[in-house]
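The values are calculated or read from the model by the stated rules, or taken from the named source; none is laboratory data. In this text the structure is predicted, and so the values were computed from the model without any measurement. Backbone-built Cβ (ideal geometry, glycine too); neighbour counts: all protein chains shown. Surface accessibility is based on the protein's heavy atoms, side chains included, excluding ligands, DNA and RNA. Shrake-Rupley method; radii C 1.70, N 1.55, O 1.52, S 1.80 Å.
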Amino acid sequence: MKRIYLDNGATSYPKAPGVGDAVKRFIDDIGSNVNRSGYTGSLAAEEVVFETREMLGRLFNFDHSKNIVFTMNITYGLNFLLKGLLKPGHHCIVSSMEHNAVMRPLMQLKEKGVEFSRIMCDATGMLDPTGIYNHIKPNTKAVIITHASNVCGTILPVAEIGKFCEEKGLLFIIDTAQTAGILDIDFKEIKADAIAFTGHKSLLGPQGIGGFLITEKIARSMDTLISGGTGSLSEYEEQPPYMPDKFEAGTLNLPGIYGLHAALGYIEEIGTISIREKELQLTEKLLEGLCSIKGVRIAGLKDIKGRTAVVSVDFKDLDNADVAYRLDKYYGIKTRCGLHCAPSAHRTLNTFPQGTVRFSPGHFNTKKDIETTLSSVNQILKDLGSTSR
Ligand SMILES: Cc1ncc(COP(=O)(O)O)c(C=O)c1O
């Protein structure tokens, strides 16, 4: 049975061509640390780390590549940003579509006296940016928004929010876990203060590498969560104050950076526009097919306008987990069932607590994959005798 991978919202598979080779090249041929030694292999690795920052700078139209910090993933990146910037007495604003990578740090911060307000999105997951206005308080410090929902794919209006934040003097932090590599994200145009990214989803890189981009102002004012060896200013026991060393204590994930370097090279070569076009073609086919099946309710937007390739389905009178199980067991189709670490998004979409089966096609899926998926869903519903609508 051919494996049909439709779980790119969780992590992309396969990775971009050359990613596996690049990781292997580091492990087999380089192996040495950066910023600590002056010999040949170490300098070669330093060059790749430098180039990877430059590539990320190009991807996000961000000029200060030294202000791009590597972490394990976007969760770590968001923790750095939220815990480094928000202090007791501060207030921040989030949307109701946020992932737990934002909500759990905020719940921890709440214990320490940081308040947050949640703006409700509509039942398609869309946010009215003017809603932010009603939540602003004298102590509001930041707005944190996911660029696109990991549950239903709705793209949030970050450019409007950024403009608004700039006018009101609020920091604007964006979670690009679901959009980096497929949408054009322009740090300057969006008027972001910080963008967090993860390497293993639509950036088509390996797991274990992500990070954040920050303005010089934030770089200077934000506290670091982690301190330790950087290979620089070793005569001091204090953390270096300059970038990126201030936030990059300990050995970097160099195999991950090598893999991300290869993935970014691939994305630069083929371009985000063609990546997006292909994903939307697959998504359109998937949505049209699913909408025509009796017993299927799409959570969120029903056509391709304003969305990514993430499509969530509630199989109304069936157990969603059973459908996902059958898709995998009998047809080799990999989806993700449940609440996708975003309970508030599911509440917004009226799919809480049952959750949804999430189909997330990616760059390497084919039309045939989608056709097989649609016929398999049809067959499963027939087998289970779905009667709704
Ligand atoms: C919107 C969003 N934010 C954050 C995350 C967390 O990503 P990671 O596990 O790479 O830190 C995810 C992953 O599911 C996501 O979809």
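Please go through the residue pairs 278/329; 188/367; 191/278; 83/191 and name each one whose alpha carbons sit more than 32 Å apart in this structure. Mind dumping the intermediate values first?
On the way: 278/329 28 Å; 188/367 36 Å; 191/278 28 Å; 83/191 21 Å.
Those over the limit are 188/367.
Averaging Cα coordinates gives a centre for the range 170-239 and one for the range 292-367; these two points are 30 Å apart. A simple spin-label model places the labels of residue 293 and residue 133 4.3 nm from each other, with each point 7 Å out along Cα-to-Cβ.
For the range 284-384, trypsin sites (Lys or Arg not before Pro) are listed when DSSP marks them as loop and at most 14 other Cβ atoms sit within 10 Å of their Cβ; the list is 294, 305. For the range 14-119, applying the loop criterion from DSSP together with a ceiling of 13 other beta carbons within 10 Å to the chymotrypsin sites (Phe, Trp or Tyr not before Pro) yields 39.
Among all the aspartates and glutamates, which ones have a C-alpha under 17 Å from residue 302's C-alpha, if same-chain residues fewer than 8 places away are not counted? Hits, sequence-local ones excluded: 122, 279, 284, 288, 314.
Working value for the range 91-235: equivalent-ellipsoid semi-axes of 25, 20, 15 Å, each the square root of 5 times a Cα gyration tensor eigenvalue, largest first. Under Stokes-Einstein, with the Kirkwood radius over Cα pairs as Rh, the value for the chain at 25 °C and 0.890 mPa s is 113 µm²/s. Hey, with R₀ at 35 Å, roughly what FRET efficiency would residue 2 and residue 159 work out to, going by the Cβ-Cβ distance, to 0.05? My answer for the efficiency is 0.30. The accessible area of residue 233, taken with all protein chains in place and a 1.4 Å probe, comes to roughly 60 Å². Amide H to amide H, which residues 5 or more places from residue 178 or on other chains are under 5 Å from it, using H placed in the peptide plane? Counting only residues 5 or more places away or on other chains, the set is 147, 148.
Compared with the alpha-carbon gap, the fully stretched path from residue 322 to residue 63 is longer by 88.4 nm at 0.36 nm per residue. For the range 79-143, the list of trypsin sites (Lys or Arg not before Pro) that fall in a loop by DSSP and count at most 12 other C-beta atoms within 10 angstrom reads 112. Straightening the chain between residue 236 and residue 21 buys 73.6 nm, computed as 0.36 nm per residue apart minus the Cα-Cα spacing. Where only DSSP H runs of four or more residues are counted, the chain gives -11500 deg cm²/dmol as its mean residue ellipticity at 222 nm, each run worth -39500 (n - 2.57).
What does a probe at residue 329 reach in the range 350-389, counting residues whose amide N is under 17 Å from the point 7 Å along Cα→Cβ? So the set is 376-386. Only protein heavy atoms count here; on that basis, with a 1.4 Å probe, residue 29 has an accessible area of about 110 Å².
Annotation: amide H-H contacts under 5 Å for residue 9 (H modelled 1.01 Å from N, sequence separation of 5 or more, or interchain): 360. Bridges between two residues of the chain, per DSSP, are antiparallel at a rate of about 50%.
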